[in-house]
Amino acid sequence: MGCALSGTGLDPGKAAGDVNGPVPRSEAAGSELIASDSDPPLPLSEQQKELIRQSWVVLHQDIARVGIIMFIRLFETHPECKDVFFLFRDIDDLQQLKMSKELQSHGLRVMSFIEKSVARLEQEDKLEQLAFELGRSHCRYNAPPKYYEYVGVQFIAVVKPILKEKWTANVEEAWEGLFDYLTWTMKRGYHDAEQSNNINQSSHTKRRAQSGLKANQNAV
Ligand code: HEM
């Protein structure tokens with residue numbers, strides 16, 4: 001099958017489901033799913049996928065450092081993002097934050113996700129599911145979608161000097177394309193989880209109202 005990653009025809013709304021797997025956007029549309037904040041990203045070409053894989057061979061040797069610097073830069077440029085992390089929101093000194101074990105392990109988790117994504121460039125179903133579920137978990141973390149694209153920008157700024165002359169406009173475009181795809185899919189996951197929460201909440205409120213009504217009727 002194809003997807004927004006390869007552009008070979010997958011319905012971009014495919015991953016709108018949850019427990020029973022993705023459902024077509026047409027089905028989800030009835031439930032007013034906010035599919036994404038923008039149009040589907042441009043597909044990655046085979047050449048771009050290859051550029052990503054080749055550059056990852058170099059980058060993955062440095063993942064711990066890239067993960068930390070990327071987040072320190074994110075907090076410098078967008079301090080509001082730090083408030084989402086309750087473990088570091090009270091640490092104002094970015095130098096101190098750099099040494100924090102929590103930030104180090106968080107950076108590594110994010111970089112491992114990038115590593116998994118690179119490994120799944122040819123397994124589009126799996127990649128889509130992975131990013132979609134990640135978006136759903138970010139809804140639990142209260143990390144809003146408007147921040148996601150900042151991560152790709154910082155990632156590129158950090159890895160550029162590591163790759164030196166191997167970094168070209170084409171490599172940059174390829175990584176931008178991958179981050180566009182990941183953030184777009186994460187946003188859909190986030191909105192899907194948000195919507196399930198709203199539905200669960202409103203049926204919970206309804207049930208409470210109904211049981212309150214019954215209790216009142218019995219009391220009369
Ligand atoms: C491309 C963008 C991003 C990627 C790929 C990403 C990836 C991840 C990953 C892999 C985890 C580990 C837990 C899990 O697998 O569910 C995680 C956790 C988390 N992320 Fe993100 N993230 C991104 C953007 C953001 C942004 C912008 C924020 C906040 C403004 C954020 C806040 C969090 C929080 C609060 C957690 C849970 C705490 C933790 O694991 O340390 N994420 N993220």
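The values are calculated or read from the model by the stated rules, or taken from the named source; none is laboratory data. The model shown is predicted, which means the values in this text are computed figures rather than measured ones. All Cβ positions, even for glycine, are placed from backbone atoms using ideal geometry, and neighbour counts span all protein chains on display. SASA here: full protein model, heavy atoms, side chains in, ligands and nucleic acids out. Shrake-Rupley method; radii C 1.70, N 1.55, O 1.52, S 1.80 Å.
Just so you know, in the stretch 139-153 the residues that are over 24 Å from Glu173 (Cβ atoms) and open to solvent by less than 40 Å² (accessible area, probe 1.4 Å) include one that is nearest to the ligand (Cβ to nearest atom), and it is Ala143.
In this entry, Arg65 passes the filter for residues that are away from the ligand (no atom under 13 Å from the Cβ), open to solvent by 10 Å² or more (accessible area, probe 1.4 Å) and basic (Lys, Arg).
Go through the stretch 86-147 and tell me which helices (runs of 4 or more DSSP H), entirely inside it, have 1 or more residues that are within 27 Å of Gln195 (Cβ to Cβ) and of a type outside the set (Val, Ile, Thr). Break it down stepwise before answering.
On the way: elements: 94-98, 101-119, 124-140.
It comes to 101-119, 124-140.
If you scan the stretch 177-203, which residues turn out to be near the ligand (Cβ under 10 Å from one of its atoms) and without any contact (Cβ under 8 Å) to a residue 40 or more places away in the chain? Residues satisfying the conditions are Phe179, Thr183. For the stretch 73-85, indicate whether the set of residues that are of a type in the set (S, T, N, Q), without any contact (Cβ under 8 Å) to a residue 24 or more places away in the chain and under 19 Å from Phe155 (Cβ atoms) is non-empty. For the stretch 73-85, residues of a type in the set (S, T, N, Q), without any contact (Cβ under 8 Å) to a residue 24 or more places away in the chain and under 19 Å from Phe155 (Cβ atoms): absent.
Evaluate the stretch 91-103: report whether one residue or more is within 10 Å of the ligand (Cβ to nearest atom) and buried (at least 18 other Cβ atoms within 10 Å of the Cβ). Step through it out loud before you land on a result.
Of the residues in the stretch 91-103, the ones within 10 Å of the ligand (Cβ to nearest atom) are 102-103.
Subset that is buried (at least 18 other Cβ atoms within 10 Å of the Cβ): 103.
The answer is yes, given that some residue of the stretch 91-103 is within 10 Å of the ligand (Cβ to nearest atom) and buried (at least 18 other Cβ atoms within 10 Å of the Cβ).
Does the stretch 165-176 contain any residue that is within 13 Å of the ligand (Cβ to nearest atom) and crowded, with 21+ Cβ neighbours inside 10 Å?
yes
Do the conditions hold for Lys116, that is, is it within 14 Å of the ligand (Cβ to nearest atom), at pLDDT below 95 and open to solvent by 50 Å² or more (accessible area, probe 1.4 Å)? When the stated conditions are applied, Lys116 does not pass them.
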